[in-house]
Each structure stands twice: as C-alpha cells, then as structure tokens.
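*Asks:* First the structure, which I've put down as structure tokens, then a few questions once you've had a look.
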Amino acid sequence: GAVVSQHPSRVICKSGTSVKIECRSLDFQATTMFWYRQFPKKSLMLMATSNEGSKATYEQGVEKDKFLINHASLTLSTLTVTSAHPEDSSFYICSASTSGRIGQFFGPGTRLTVL
Amino acid sequence: QKEVEQNSGPLSVPEGAIASLNCTYSDRGSQSFFWYRQYSGKSPELIMSIYSNGDKEDGRFTAQLNKASQYVSLLIRDSQPSDSATYLCAVSEDNAGNMLTFGGGTRLMVKP
C-alpha cells in the first residue's frame with residue numbers, strides 16, 4: 001500500500017507556457033502532500049507543503065505565484081508551473097503522508113524540460 | 001538553518017562487502033531519521049526509519065543513531081550490484097517524518 005502516482009512523467013514545453021503536474025495517492029487518503037524539486041546530482045529541495053482544502057505553505061525563496069499548488073481532495077494535488085523558463089527545468093517529485101503511517105511516500109517524479 | 005551532511009562519494013565496495021554510509025545533522029531537536037534509496041532518474045524509496053539511539057536492523061540493512069553526536073549511519077551487509085544507487089539521509093522535526101530535510105546523498109557503487 002501507499003502508492004503515489006504522478007502525471008505526466010515527462011514533459012517538454014516552450015518558454016512562457018504553463019505546465020500542470022498531477023500527484024495522486026492511489027490507495028490511501030493523503031492528509032498532507034509535499035512538492036520537491038531536484039536538480040541533477042543535487043538533493044531534494046522542498047518547495048511547498050499542502051493540506052487538503054487549505055492554501056499551500058511555501059518554502060523561503062519559492063514564488064507562490066509562479067508555482068501554483070492546488071490540493072482539492074485527499075487524493076489529488078496539482079502543481080502548475082506558470083510562464084515556465086529554461087531555469088525551471090528540473091525533476092519535480094511529490095510525496096504524500098497519511099495519519100497512522102510514518103514517513104512520506106514519493107511519487108515517481110516528473111521531468112520538466114523548458115526549451 | 002537545518003543542515004544534513006553526507007559525503008557525496010562515490011563509495012565503491014566489492015560485491016559481498018559491507019557498505020557504510022554516514023550522515024550528520026545540525027538540528028538537535030530532530031525527532032526521526034530516514035534513509036532513502038534513489039536510483040538514477042527515479043524518485044526516492046524509503047529503506048529505513050529510526051527514532052531512538054542504537055541500532056535497528058531490517059534484513060541486510062542496519063541503521064544506527066547517535067543523537068549525542070548527531071550522527072546517523074546505514075550499513076548494508078552482503079552488498080549487491082543492485083544496491084548501487086544514491087542513498088539519501090533525511091531528518092525530520094516531528095515523529096511522523098512530515099518535516100524532512102534531506103542530505104545531498106551518497107552515491108554507492110557495488111562492483112561485481
């Protein structure tokens with residue numbers, strides 16, 4: 001149990017366009033979902049934490065107007081990268097946690113390339 | 001600022017040997033500690049969690065925690081080529097692992 005999916009797994013877009021990434025918990029209800037970004041050969045950097053039905057909490061230095069997070073239900077969170085630029089190219093990973101279980105369960109990640 | 005430090009490696013060990021991965025953390029208030037394995041191009045996979053001082057064993061893996069020294073380690077016995085990956089140490093302010101700070105990861109290479 002505790003499977004998290006992400007869609008799409010890979011996306012290539014032109015500079016200036018917006019990209020939406022979905023994160024779903026498939027077999028549990030996620031009380032909290034997390035969005036991370038990972039650059040090549042670097043560790044995971046937390047971007048924001050979101051709870052169902054409330055606004056996301058962004059980490060320092062992460063622009064909330066650029067990285068829009070919606071956590072509409074206990075099984076779905078979305079990250080929209082608005083007006084993407086080449087420097088936004090990265091591996092975006094979501095994770096989810098649920099009450100009664102320890103730790104975060106990670107999705108397979110989405111590789112974004114902005115041309 | 002909370003910091004989690006790992007040697008980036010690569011750590012190279014022969015097949016069948018013990019691999020020892022180390023991690024130090026700066027926040028004395030940290031409550032729970034995790035080791036994740038990440039294969040290239042994939043997302044992290046939880047291997048072990050540990051909360052109290054001492055050793056915790058699970059199959060070929062043993063996590064060790066020393067809160068006084070702010071030190072966490074992971075031992076992998078009988079290392080296999082399939083263990084070759086980057087190992088991420090993560091430390092959380094709470095017991096549930098909801099407030100993770102990741103280290104930079106140590107790349108392990110197990111040679112046949």
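The values are calculated or read from the model by the stated rules, or taken from the named source; none is laboratory data. For clarity, every value in this text was computed on a predicted model and none was experimentally measured. Positions of Cβ are generated from backbone atoms using ideal geometry, with glycine treated the same way; all protein chains shown enter the neighbour counts. We work out accessible area using only protein heavy atoms, side chains counted, and drop any ligands, DNA or RNA first. Shrake-Rupley method; radii C 1.70, N 1.55, O 1.52, S 1.80 Å.
*Asks:* Based on DSSP, what percent of beta bridges with both residues in the protein assembly as shown are antiparallel, to the nearest 5?
*Replies:* Just about 90 percent of them are antiparallel.
*Asks:* Please compute the modelled spin-label separation between B:ASP94 and B:ARG77, points set 7 Å along Cα→Cβ, answer in nm with one decimal.
*Replies:* Using points 7 Å along Cα→Cβ, the separation is 3.5 nm.
*Asks:* Mind checking the full-extension length gain between A:SER54 and A:LEU115? Use 0.36 nm per residue of separation minus the Cα-Cα distance, one decimal, nm.
*Replies:* Contour length minus the Cα-Cα distance gives 18.7 nm.
*Asks:* Cysteines without a disulfide-compatible partner in the protein assembly as shown, using Cβ under 4.7 Å as the rule?
*Replies:* Taking the Cβ cut-off of 4.7 Å, the unpaired cysteines of the protein assembly as shown are A:CYS13.
*Asks:* Do you know the relative contact order of chain A, to the nearest whole percent, from alpha carbon pairs under 8 angstrom that are 6+ apart?
*Replies:* In percent, rounded to a whole number, it is 37.
*Asks:* Turning to a different aspect of this structure: Express the relative contact order of chain B as a whole percentage, based on alpha carbon pairs under 8 Å and six or more residues apart in sequence.
*Replies:* For chain B, the relative contact order is 38 percent.
*Asks:* If you build the convex hull over the alpha carbons only and average its shadow over all orientations, what do you get for the stretch A:3-115? Give it in nm² to one decimal.
*Replies:* 6.6 nm²
*Asks:* What does the structure give for A:97-103 when I average, per residue, the other chain Cβ atoms found within 10 Å of the residue Cβ?
*Replies:* For peptide A:97-103, the averaged partner shielding equals 4.
*Asks:* Sorted by accessible area (1.4 Å probe), largest first, how do B:ARG28, B:ARG60, A:ARG37 line up?
*Replies:* B:ARG28, B:ARG60, A:ARG37
*Asks:* What's the average, rounded to a whole number, of partner chain beta-carbon atoms within 10 Å of each residue's beta-carbon in A:43-51?
*Replies:* Rounded to a whole number, the mean comes out at 4.
*Asks:* Which aspartates and glutamates have a Cα less than 18 Å from the Cα of B:LYS111, not counting those fewer than 8 places away in the same chain?
*Replies:* B:GLU15, B:ASP78, B:ASP83
*Asks:* Going down the table (A:LYS41/B:LYS56; B:LYS42/B:LYS67; A:LYS41/A:LYS66), which pairs top 27 Å between alpha carbons?
*Replies:* Where the Cα-Cα span goes over 27 Å, the pairs concerned are A:LYS41/B:LYS56; B:LYS42/B:LYS67.
*Asks:* Oh, and also: Between B:SER40 and A:CYS13, what FRET efficiency follows from the Cβ-Cβ distance if R0 is 22 Å, with the result rounded to 0.05?
*Replies:* E(calc), rounded to 0.05, equals 0.40.
*Asks:* Follow-up question, since we're still on this one. Gap in Å between the Cα centre of the stretch B:1-77 and the Cα centre of the stretch A:1-69?
*Replies:* Value for the Cα centre distance between the two parts: 25 Å.
*Asks:* Could you order peptides A:64-74, A:92-102 by the average number of other Cβ atoms within 10 Å of their residues, highest first?
*Replies:* Peptide ranking by packing, descending: A:92-102, A:64-74.
*Asks:* Run the reach check for A:LYS64 against lysines, Cα to Cα strictly under 16 Å, same-chain hits fewer than 8 apart removed. What comes back?
*Replies:* A:LYS20, A:LYS55
*Asks:* How many partner chain Cβ atoms sit within 10 Å of a residue's Cβ in peptide B:35-45, on average, as a whole number?
*Replies:* 4
*Asks:* Along Cα→Cβ, 7 Å out, is where each label goes; now give me the distance between the ones at B:ASN66 and A:SER5 in nm to one decimal.
*Replies:* Result: 4.6 nm between the two label points.
*Asks:* Quick check on chain B: of the DSSP beta bridges with both residues there, what percent are antiparallel, nearest 5%?
*Replies:* If we restrict to bridges inside chain B, about 90 percent are antiparallel.
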